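Q: Below are the structure tokens for one structure; questions will follow.
Please treat every number below as a calculation from the coordinates, not as lab data. Since the structure is predicted, the reported quantities are computational estimates derived from the model, not experimental observations. Cβ placement follows ideal geometry from the backbone for every residue including glycine, while neighbour counts extend to all protein chains displayed.
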Amino acid sequence: MALIVISGLPSSGKSTVSAVLRSALESASTGSEMQVKTVDESLLSLSRDACYQDSASEKNTRGRLKAAVERALTKSSIVIFDSLNNIKGYRYEIWCVARACGCRYCVVHSDVEESTACAWNMSRPGEKYSPEVYKDLAGRYEIPDSKNRWEAPLFRTNPQDERFHEVIQQMVDLTCSSITGTSQKQQHQSQQQNRALQPTVATTSQRLSSTNLLHDFDKASQDVISGIMQSQAGSAPVGTSGGLDLSLNRQIFDLG
């Protein structure tokens, strides 16, 4: 199980990186039960501008994409999250999802100059970002930093770079080291660089309380009230000493 987060400016070649990476991963995992899945805005059936036209739309888009990533992550899946992922805080949230699942994780930065990405956007034959939306998204982009634990390991790539396919292969080796037939030394290095994240108390989903919790709590409360009323009915006059013995052999909460 692995999660690959692709980040970059709008129209910076992220989908190209995603497509090439997916093809390479599928070839590397041939014969295994591993499935390669891609999560992107097309799953939401919305246009690019509709996804990010205002803060409310952007928040909704991010929430739905995050939920889609969580659903896609299984023990036999490699998930490529192909989206803007332009905000550092959002990338941290996705890292927490990966850690809660205990899967391998890496970030891929499509490192393209803003002027080049803008030109690619304007030359798109089909759907493109409007100038206003593009300027807003590009202006708020936060470049990933490998010093942050939620952005490491970090790969920088450019679809036009001559080392593009070499970097893609490095990602494949790290992600699928157990099924690519690498040497024992290379596999050990890959495992050290891209160990599976371990869930913590902060990232692990809490168990749901028992469905009988409310009923048990109410029954225990009634037992206490009944015990007090019975004690008062046979109690000594006010001002004298006395005691109240309540024995409630009932388990109210299941904290296991």
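Q: Taking region 1-35, which residues are in contact with a Lys or Arg (Cβ under 8 Å, 6 or more places away or on another chain) and over 24 Å from Arg124 (Cα atoms)?
A: Met1, Ala2, Leu3
Q: Can you tell me how many residues within region 113-142 are assigned to a loop (DSSP other than H, G, I, E, B), of a type outside the set (Ser, Thr, Tyr) and touching a residue at least 40 places away in the same chain (Cβ under 8 Å)? I'd like the intermediate steps shown before the answer.
A: Quick first cut of region 113-142, residues assigned to a loop (DSSP other than H, G, I, E, B) only: 113, 123-130, 140-142.
Now restrict to residues that are of a type outside the set (Ser, Thr, Tyr): 113, 124-128, 140, 142.
Narrowing further to those that are touching a residue at least 40 places away in the same chain (Cβ under 8 Å): 124, 127-128, 140, 142.
Qualifying residue count for the region: 5.
Q: Have a look at Ala98, Ala19 and point out the one that is assigned to a helix (DSSP H, G or I) and either out of contact with any Leu (no Cβ under 8 Å at 6 or more places or on another chain) or among the aromatic types (Phe, Trp, Tyr) (or both). Steps first, please.
A: Details: Ala98 fails: either out of contact with any Leu (no Cβ under 8 Å at 6 or more places or on another chain) or among the aromatic types (Phe, Trp, Tyr) (or both).
The unique qualifying residue is Ala19.
Q: Would you check which residues across region 75-111 are among the aliphatic types (A, V, I, L, M), in contact with a strand residue (DSSP E or B) (Cβ under 7 Å, 6 or more places away or on another chain) and under 13 Å from Gly63 (Cα atoms) and list them?
A: Hit for region 75-111 is Ile94, nothing else.
Q: Let me confirm something: among Asp161, Asp145, which residue is of a type in the set (Asp, Glu), assigned to a loop (DSSP other than H, G, I, E, B) and within 20 Å of Leu21 (Cα to Cα)? It would help to see each step written out before you state the result.
A: Details: Asp145 fails: within 20 Å of Leu21 (Cα to Cα).
Only one candidate qualifies: Asp161.
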